[in-house]
1. Charges at C-beta only: +1 for Lys and Arg, -1 for Asp and Glu. How large is the resulting dipole of the stretch 709-801 about its Cα centre, in Debye rounded to 20?
2. Any of Lys164/Lys693; Lys545/Lys593; Lys566/Lys593; Lys65/Lys778; Lys123/Lys164 with alpha carbons more than 26 Å apart? Name them for me.
3. R0 = 45 Å: FRET efficiency of Met769 with Asp202, Cβ-based, nearest 0.05?
4. Show me, for the stretch 517-533, the HN-Hα J-couplings you get by feeding each phi into the Karplus relation (A = 6.51, B = -1.76, C = 1.60, θ = phi - 60°), rounded to Hz, glycine and proline as x.
5. With just the Cα atoms defining each centre, how far is the stretch 662-734 from the stretch 360-382? Give it in Å.
6. For the chain, give the share of DSSP beta bridges that are antiparallel, in percent and rounded to the nearest 5; count only bridges with both residues there.
7. Taking the mean number of other Cβ atoms within 10 Å as a proxy for protection, how do you rank 145-151, 680-686, 781-787, 559-565 from highest to lowest?
8. Testing the spin-label approximation: label points 7 Å from Cα along Cα→Cβ at Asp500 and Asp488. State their distance in nm.
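The values are calculated or read from the model by the stated rules, or taken from the named source; none is laboratory data. From a predicted model like this one, the values you see are computed outputs, not experimental measurements. Neighbour counts run over all protein chains shown; Cβ positions are idealised from the backbone, glycine included. Remember, those area values only see protein heavy atoms, side chains included, never the ligands or the DNA or RNA. Shrake-Rupley method; radii C 1.70, N 1.55, O 1.52, S 1.80 Å.
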Amino acid sequence: MKLLKKILIALSILIVVAIVASAITLRHIARRALPDYNLTLEAPYLKEEVTVFRDQHAIPYIFAKNENDLYFAVGFVMAQDRLWQMDLLRRVTMGRLSEIFGEDMIETDLLLRALRIPEKSNKVLSGTEPDVMSALEAFSNGVNHFIELQGNQLPPEFTLLGYKPEPWQPIHSVNLIGYMAWDLSGAWQIEATLHKLKQHLDEEKFLQLLPNMAHHPTFVYPTPQGDAIGALSALLRPASKLGDLGLEVFSASNSWAVSPNRSTTGYPILANDMHLGFGSPGIWYQMKHEVEGRMKVSGVVLPGQPFVIVGHNNHFAWGMTNVYVDDADFFLETLNPENPDLYLYNDEWLPVEIRQERIAVSDGDTVVRELRFTHRGPVISQFRDIKNQAITMQWTGNLYSNEVRSMYLLNHGRNWNDFRNALRSMTSISQNVIFADTEGNIGLQTAAGVPMRNDGGGLFIYPGHTSQYNWVGLVPFEELPFVFNPPDGMISTANNRTIDESYPHHIGYQFAMPFRIDRIREMLGQQEKHSPEDFQRMLGDFCSKLAQRYMPALLGILQATTLDAKETQALELLQNWDMVYSAQASQPAIFDKFYLRLVHNLLKDEMGEELFTEFLGDRSAVNNIVEHIWNNRNSSWIDNVQTAEIETFDQLVIYSFSESLQLLGEQLGANPAGWQWGELHTLTVSHPMGRVKILDRLLGLNKGPFPVGGSYHTVNPLGYSFRNPFVVAHGASQRHIYQPGNWNKNFVVIPTGTSGIPASDYYLNQLGMFLDNQYHTKPWLRSDVEAQARYTSRLLPISAQ
């Protein structure tokens, strides 16, 4: 027994020692990449000294005497904070995720390779102006110098996944055009579901599901301005894994501006927040760039490329909102029955382009897969292993554009004409770009690749054997909508319908319902003049126009029926509700739960489980059919086909209301007055590796859950997927408020932080401020930057020893 006891004691000691050693090792791995923000460094490629100040949030302010040195420093500094994220984005654009995440990413890699992003990037580079090319090369040199200096002192993700970063090249920065253009929430996604539903439903029901422009009465521009079904669903599944990694860009957004005569400060004021998936590291990196006597620009940068995407320079500010262009069409090609490597086009058999893709996997295996293309684009039916049928995708992202040029020129622009000239080459990343300058002007320009179609619009699969349905080009820039200094002194956009039916070109059909834009314009119209503080309040607004839209009829139906005690209590709560989605209120929980149960009871019986779940993936489509049925109380969708009774609209509303209260009671307790929206509606900011719980606990990868207010339909859009209510998945990825001419009085915040290294004090350090709708100010003048600097680095040319 004594021997056994000694053995057990010895084993216990060894286990404790192993745990302590592992903890020490993990702590070292977690912290070894933390950069020295006060370093003085001699570096190759530099011509003159560069100074990098960092403020209390570690945001870098880079001062250089020439552009080569500036962009070298941008690359070096960005790599200090975001190197693993940069590599992750690079792998997305090249279809190389399987190398680090394993075989689960093979289909996603194959899809990404089918987009041929590097192929387009090479064309962009070949036509890029020397100044832009020099900037890309200098940026790459800065990144690579950092990688070389770090050696094995890399962010923890590299060690945990067992690899090292490869050298950075200019093409990797340009590849991000394709990444940004591959909009995961584009209107084309609903086309897959609609095609399946068309086969499943009778014509009368199916037609009610089609986008109805009558439900979109609020336009960005009031009047024209300016001179094989399963294959589609298969395309969605690999794409969705990018969303799982928090890698979505340009999902939704708000922006508005007022002219000086509508401002309390005498300056124009511009606000913008772009809505993306919440994740860490955050998609944006805050910076200020200055070249002495040549350019000054501040804003947010997409890690992996050197230019400010939205922000302001010394002359104007800008922001972006997604247009929701119908930017992809699908074609059913006719394959040769004797040789499926040929397809028919205008009475001629053409060869299918076949590429063998070798996909390396993290376990050391290499998988060989085939990609097939016609002249239109990739054969996407191959993702479902469908034989003898070819459905191809034509996408504007494969057409020539040069967003790198656009960003460079925006960073350097001086006026409205420069602004518009910059946007001429921005046709893959379709945005409404808002503008305000130091001369007091405000404007908005649609910068988009809008296909010109012979048939006007592209909602269904076209026959591919003919050129009849080909695109005939893109709408010329001069014919895209814009507005400059509108008479009422206000501009606003929130992914709503771009322009009315008098506009001669089809832009899209799956716009956001007008709840956010109507609330924004309501707030803009509530007073004659606005202050920056008013804009802060607007960006944090939780009042719901969706609830206002449906509440009167809901209350009327409930008041006309007999309710039990809990239902009566809930009705009284709704009657006294101000439609504000505060985290502490019970009414948002009641209403949003009711809305989702109503959707369930309207649609699921006809669609079936699988198609209903798929349809829920597009909130705009769901909201569209709810609005249709709300306006058509005799719709055939109302009756539950699984019962003998013919249900009425009122019966369905009452049943959905009662059902929602029962479910809420099971989750939140018996007393509706004690329910809180924030108990259901929570936000967790997650790292791509944070789903491994032990890593999350040891490294602090995720933050949350936090109880939050708002919803997807409020101006402050803390939104959730209908498939996973009420877990907040997306919202504002940045907020900024600028006053051109008074640049020091700016207000900015991001939901994450400067650093992508979880052990850093600046990892997710702005999250609390963001959740409280608080802001910080970035100094503009160098004297103010120096006075507020917490850290100072100096990068010196080798010759300056």
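1. Details: 7 positive and 4 negative charges, 31 e Å.
Result for the stretch 709-801 is approximately 140 debye, rounded to the nearest 20.
2. Numbers: Lys164/Lys693 24 Å; Lys545/Lys593 16 Å; Lys566/Lys593 15 Å; Lys65/Lys778 21 Å; Lys123/Lys164 28 Å.
Table pairs above 26 Å Cα-Cα are Lys123/Lys164.
3. Working: r = 53 Å, r/R0 = 1.17.
For R0 = 45 Å, the calculated efficiency reads 0.30.
4. With coefficients 6.51, -1.76 and 1.60, one gets 5, 5, 5, 4, 5, 4, 5, 4, x, 6, 8, 6, 10, 10, 10, x, 5 Hz.
5. Comparing the Cα centres of the stretch 662-734 and the stretch 360-382, I get a distance of 36 Å.
6. On the way: 90 of 104 bridges.
The antiparallel proportion sits near 85 percent.
7. Values: 145-151: 15.9, 680-686: 21.3, 781-787: 13.3, 559-565: 10.4.
Highest mean packing first, the order is 680-686, 145-151, 781-787, 559-565.
8. Placing both labels 7 Å beyond Cα along the Cβ direction yields 1.3 nm.
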